[in-house]
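Undergrad: Sharing a structure with you now.
The values are calculated or read from the model by the stated rules, or taken from the named source; none is laboratory data. Small disclaimer: the values here were computed from a predicted structure and weren't measured. Note that each Cβ is placed from the backbone with ideal geometry, even for glycine, and that neighbours are counted across all protein chains shown. Just so you know, the surface numbers come from the protein's heavy atoms only, side chains and all, with ligands and any DNA or RNA stripped out. Shrake-Rupley method; radii C 1.70, N 1.55, O 1.52, S 1.80 Å.
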Amino acid sequence: MQMYDSPHRSALRCVWTVWRTEGLGAFYRSYTTQLTMNIPFQSIHFITYEFLQEQVNPHRGYNPQSHIISGGLAGALAAAATTPLDVCKTLLNTQENMALNLANISGRLSGMANAFRMVYQLNGLPGYFKGMQARVIYQMPSTAISWSVYEFFKYFLTKHKLESRAPY
């Protein structure tokens, strides 16, 4: 439904049409591609967050400002670094007809290696970074909010647990 000029007018209609025309496998077409993108994204994200926390919050106390800054920067870096993988994943997911026609491909594009070749064939190196700015702008506040909420509940639950303990 995210494709330009999608023929589907509702999510349910889209699911039904894909199921009927392509079968169950269509819903898992990019599963390995998604993992190929998410594992590096999360690795970069967590490592960067932990590194930044060591720099701006070395005592690891509850500090909302440090969690927001570290979370936002970690998400931005992870998003930027994995944009080439996201571009290829999106191409595999959408099977965008215009791109397939430009590359003289009839039928379906499959596999991450083929997607990487096609992106390079159509747009060169800059093609791998199309949409990077939007991806970073989306991820930065999202990861900042996620980390700050996580750290708040970690602090709240830990503090509550410590306060409810009986003194020895």
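Undergrad: Full-extension gain between Thr21 and Gln42, please, as 0.36 nm times their residue separation minus the C-alpha to C-alpha distance.
TA: 4.2 nm
Undergrad: For segment 107-137 and segment 5-33, write down the distance between their C-alpha centroids in whole Å.
TA: Answer, in whole Å: 21.
Undergrad: On a 1.4 Å probe surface of the protein chains, which of Arg117, Arg60 comes out largest in accessible area, and what is the full order? Before the final figure, lay out the partial values.
TA: Working: Arg117 145, Arg60 95 Å².
If we order Arg117, Arg60 from most to least accessible, we get Arg117, Arg60.
Undergrad: Keeping all protein chains in the complex and leaving out DNA, RNA and ligands, what accessible area do you get for Met37 with a 1.4 Å probe, in Å² to the nearest 10?
TA: 10
Undergrad: Right, another one. If you count only protein heavy atoms and use a 1.4 Å probe, how large is the accessible surface of Tyr28, to the nearest 10 Å²?
TA: 140
Undergrad: To continue, here is another question. Can you run phi through the Karplus equation (6.51, -1.76, 1.60; θ = phi - 60°) for segment 134-146 and list ³J(HN,Hα) in whole Hz, with x for Gly and Pro?
TA: Result, rounded to whole Hz: 5, 5, 5, 5, 6, 6, 4, x, 4, 6, 5, 5, 4.
Undergrad: Here is a further query. Most fluctuating residue of Val56, Val136, Val87 in a GNM of the chain with Cα springs under 10 Å: which is it?
TA: Result: Val56 has the largest fluctuation of those listed.
Undergrad: Determine how large the accessible area of Arg20 is when every protein chain is in place; take a 1.4 Å probe and give Å² rounded to the nearest 10.
TA: 150
Undergrad: For the chain, taking Cα atoms only, what is the radius of gyration to one decimal and the Dmax to the nearest whole Å?
TA: Both quantities, over Cα of the chain: 21.0, 76 Å.
Undergrad: Then there is this: If you rank Phe152, Phe51, Phe41 by how much accessible surface each has, with a 1.4 Å probe, what is the order from largest down?
TA: Largest accessible area first, the list is Phe51, Phe152, Phe41.
Undergrad: Return the distance in nm (one decimal) between the two label points of a simple spin-label model at Lys159 and Tyr31, each offset 7 Å from Cα along Cα→Cβ.
TA: For Lys159 paired with Tyr31, the spin-label model returns 4.3 nm.
Undergrad: Given the Cα-Cα distance of His8 and Gln55 and 0.36 nm per residue of separation, how much length would full extension add, in nm?
TA: Computed gain between His8 and Gln55 is 12.1 nm.
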